[in-house]
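To start, the structure under review is shown below, and the notes come after it.
Derivation of every value follows stated rules applied to the coordinates shown; laboratory data play no part. All figures in this text were calculated on a predicted structure; none of them were measured in a lab. So basically every Cβ, Gly included, is an ideal-geometry build from the backbone, and we count neighbours across all protein chains shown.
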Amino acid sequence: TDVKSVNLEISAVEPKQYPRKRYPEIAFVGRSNVGKSSLTDVLMNRKNYAHTSKQPGKTQTLNFYNVNDQLYLVDIPGYGYAKVPKEQRETWANMIDTYLTKRHELSGVILLVDGRRWPSKLDTQMKTWLNYYQIPTLVVATKMDKVKHSQWNREAKFVKNAMAINDSSLALFSASKKIGQHRIWQWITKVAKL
Ligand code: GTP
Ligand code: MG
């Protein structure tokens, strides 16, 4: 996809703040610090537009990026970061649950996992939850630049097993090396019916 325009339209916390335009939406979910904002940037072909950080817990709202006036990429806070106070984590969890379960415009979710590790319990629980709500999901194993090329097949097998998915629902990605974004765009184009 040729990204011509990108605009952070709104940072929302409540449904009444969601955009009124009825574009299809693709949301990014995964553990805090896994690389959701970094993936969003690479897909939008922008550098640190979706603010990334070494500190987990950087993204705190639902950030709706209008791409080409035809689609929203929605960058959301991560889960599982223990240093965020419990109350704050619960508020975020509610905000994310509400968005993922009630938003009609949501066409698909990109679930990021760390390519250097076996997917965590939280990751597999999230996948089970997305299955339950029948939300089309692409699992993206990211930070693959940190994994030797000879180990990529092995990593892909791990993730497919842990998530109970096949090849068509998995992409390997690196934000720093910019590997894998074309396949991710292909998936987005298909599920968002662009
Ligand atoms: P929260 O907003 O806190 O949930 O984090 P996030 O998932 O949005 O992560 P973010 O994109 O901010 O990235 C977290 C850290 O991981 C940053 O230091 C990034 O530079 C780094 N990072 C992200 N993607 C990659 C990647 O593909 N390779 C490497 N080596 N580092 C990455
Ligand atoms: Mg973020």
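Which links in Lys16/Lys160; Lys86/Lys146; Lys143/Lys193; Lys83/Lys127; Lys47/Lys127 stretch past 26 Å when you go from one Cα to the other? Where the Cα-Cα span goes over 26 Å, the pairs concerned are Lys16/Lys160; Lys86/Lys146; Lys143/Lys193; Lys47/Lys127. Our coupling estimate for region 175-188, obtained by passing each phi through the Karplus curve with A = 6.51, B = -1.76, C = 1.60 and θ = phi - 60°, is 6, 6, 8, 6, 10, x, 5, 5, 5, 5, 4, 4, 5, 4 Hz, Gly and Pro reported as x. Separation of region 175-194 from region 1-63 is 15 Å, based on Cα centroids. For q = 0.16 Å⁻¹, what log10 I(q)/I(0) does region 6-191 give under the Debye formula with an equal point scatterer on each alpha carbon and no solvent? At q = 0.16 Å⁻¹ the computed log10 ratios are -0.97. Taking amide H as placed 1.01 Å from N in the peptide plane, Arg31 has its amide H under 5 Å from the amide H of Tyr79, each at least 5 places away in sequence or on another chain.
Going from the residue with the fewest nearby Cβ atoms within 10 Å to the one with the most, Tyr23, Tyr132, Tyr99 rank Tyr132, Tyr23, Tyr99.
Using Cβ point charges alone (K and R +1, D and E -1), the dipole size of the chain about the Cα centre works out to roughly 520 debye. With both residues required to sit in region 23-160, DSSP beta bridges show an antiparallel share near 25%.
Summarising the label geometry, the points placed 7 Å from Cα in the beta-carbon direction at Lys54 and Asp97 lie 3.5 nm from one another.
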